[in-house]
1. What is the spin-label model distance, in nm, from Ile106 to Ile65 if the labels are put 7 Å beyond Cα along the C-beta direction?
2. Expressed as a rounded percentage, what relative contact order does the stretch 34-97 have, with Cα pairs under 8 Å and six or more residues apart?
3. Given R₀ = 30 Å, FRET efficiency for Thr137-Cys38 by Cβ-Cβ distance, to 0.05?
4. For Gln28 and Asn113 in one chain, what is 0.36 nm times their gap in residues minus the Cα-Cα distance, to one decimal in nm?
5. Of Arg27, Arg148, which has the most accessible area and how do the rest follow, probe 1.4 Å?
6. Counting only heavy atoms of the protein chains, get the accessible area per residue of the stretch 30-143 (1.4 Å probe) and round it to a whole Å² value.
7. For the stretch 42-175, calculate the relative contact order in percent as a whole number, restricting contacts to Cα pairs under 8 Å that are 6 or more residues apart.
8. Under a cut-off of 14 Å between alpha-carbon atoms, report the aspartates and glutamates in cross-link reach of Lys59, not counting same-chain residues fewer than 8 places apart.
Amino acid sequence: MRLIKLAVLLITTFVILTGFKICPETRQYVVKLEIAGCQGSGVLTKYGLLSAAHLFVNKSGDKIILAAKAIYSDHSVHLAVLDKLDTITDLALLIPTGIDYPECDIAQKSPSNGDMTTIIGCGWHWEFAIRGGIVATHTMADLSLDARIVPGDSGGGVFNEDGDLAGIIQTVTLVPVGDTSVPGFGSCCSTERL
């Protein structure tokens, strides 16, 4: 617990010292997803609701879940139906039903190494979390972030300094600390794949 508090303090200090702005208006674009008893996140765009494909496929890969319950920032709950699924890029596109929703702009280019980002997902405890992070590495298809990304953030958004969607959260790396593990680097699909 002390390690987590220290990490939050360091990130907060960094944000204050560098003047990095976390765009709070981007929160309206991220939804909580409940999929067959598990949880994840998604981002509302002009194409529909983008999320991580692994949330919709069971571990053996032989069953695809066709819909999710989407919980919006105004706490309304609506069905989102799976439209496209790509397990290679780990991207899913869902069509929200029964609601007009805000559409997030997609960044024209991915952030570069060292760029600041805002990460929004609804990981542990079903709570939305807005965190700042720095791009650690960038390839043509993926970003690695130094931000704390936790299980349940999958499908959430990585936003650039303008508040545009720069990536979709895919995986979290757990780092061993003593007898336990804590969230470490996160991996995200960059805008080149969106």
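The values are calculated or read from the model by the stated rules, or taken from the named source; none is laboratory data. None of these values were measured; they are calculated from a predicted model. Here the Cβ is made from the backbone with ideal geometry for all residues, glycine too, and neighbour counts use every protein chain on show. Areas reflect the complete protein model, heavy atoms only, side chains present, ligands, DNA and RNA absent. Shrake-Rupley method; radii C 1.70, N 1.55, O 1.52, S 1.80 Å.
1. Taking the two extended label points, one gets 2.4 nm.
2. Working: 112 pairs, mean separation 21.4, N = 64.
Worked out over the stretch 34-97, it gives 33 percent.
3. Values: r = 28 Å, r/R0 = 0.94.
Efficiency, rounded to the nearest 0.05: 0.60.
4. Numbers: separation 85, 0.36 × 85 = 30.60 nm, distance 2.66 nm.
Answer, rounded to one decimal: 27.9 nm.
5. Numbers: Arg27 45, Arg148 75 Å².
Sorted by accessible area, descending: Arg148, Arg27.
6. Details: 5680 Å² over 114 residues.
With the other protein chains kept in place, the stretch 30-143 gives 50 Å² per residue.
7. On the way: 282 pairs, mean separation 30.9, N = 134.
Relative contact order of the stretch 42-175: 23 percent.
8. Within the straight-line cut-off, Lys59 pairs with Asp90.
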